[in-house]
Structure formats: structure tokens, C-alpha cells
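Down below is the structure, laid out as C-alpha cells.
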Amino acid sequence: MLKRLQHLQHLPLLLLSDCHARLRCATAYTLYLLILILGSLPGARQEIGSVASGLILHSCAYAGLTFLLFTGSRGLPRQRALKAVLSIAAMGACDEYVQSFFPYRHGSVGDWVVDCSAAVVTASVLWLLWQRLHPHPTSASQIDSNSAAFCNRR
């Protein structure tokens, strides 16, 4: 049991360090493709809709994607937040556009607004937390060099 708990100490490294940034970005894009594919299956939306509303589904999915994109990108916190929010806005618009091609689905501006709102809230919270958890570097290049030094220490 104690050995299992010792593995949990590496969880923040996996979730927040730049060592695994590429993995988090790749995971975000893979999950997004799964959202597009699974959301296009006939009847899939109706089945999942019995478990949670569209508002909850969109909020949770795009907040999770925002987390992965924010923590998976490089730069100052404000740059990470901006990249994540703009990426989610594009992803949400593309999702709604794809849905408009299926007769059993429809694209909704309201869903896109929920996606963008979830991204803005999540990125804002991450931006504030990131500033508290990390020292205040003066530039993005200093962040990248500090991250590289941390990753090489392991």
C-alpha cells in the first residue's frame, strides 16, 4: 500500500511539468478527435444525453481540453491561456460545423459559447494558479530553460 502511495508523488510532475507537455498536447488533440468521431455516431448523443445535459458535457469536455492545452504549451501564463482559449474556440467551432453535416445532429452557436466560456474560466483559473505555483520568470525563454533543468534532474 505504501509503495502505491509513493507513486502518487509523481502525479504533479506528469500533470504540470514541461517534461510531458507534448504528451498532454497530443492527448488533447486525440481526445478532441474522439469527441468529433463519437459525437458523429448515430444515436450516441441521445444515449449520453440521458446521463448528462449538453451544457455539462460541453463544459467538462472543453474544460479538460483547456487544461491539457494550457499545461501542454510553453510560455508565460498569459500566453498559455491565450493559446488554449483560441485553440478551444477553433475546436468548438469546428465541432459545431461538423455536426451541421449530419441530419441527426445540428450545429449550435450556444454550444460553441459554452465551449468558449469553459475555456475562459479554466484558463483564467490555471493562469492564477500557475502564477502562484511557479516563480515569476521575466521571459518565456527563462521558463523553457528552467523547465529543461527540472526535467533533466529527474
Estimated inter-spin distance, residue 37 and residue 50, nm [label 7 Å along Cα→Cβ]: 2.5
P(r) over all Cα-Cα pairs of region 20-87, 5 Å bins from 0 to the longest distance, whole percent per bin, short to long, reads 3, 17, 23, 22, 14, 11, 7, 2, 0
Counting only the backbone N, which residues of region 68-95 are under 17 Å from the spot 7 Å out from the Cα of residue 30 toward its beta-carbon? 68-73
Mind giving me the nanometre distance, one decimal, between the label points for residue 82 and residue 121, set 7 Å out from Cα along Cα→Cβ? 2.5
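Throughout, read-outs are computed from the coordinates displayed, never taken from laboratory work. Given the structure is predicted, the values throughout are model-derived calculations rather than measurements. Cβ atoms come from the backbone with ideal geometry, glycine included; neighbour counts cover every protein chain shown.
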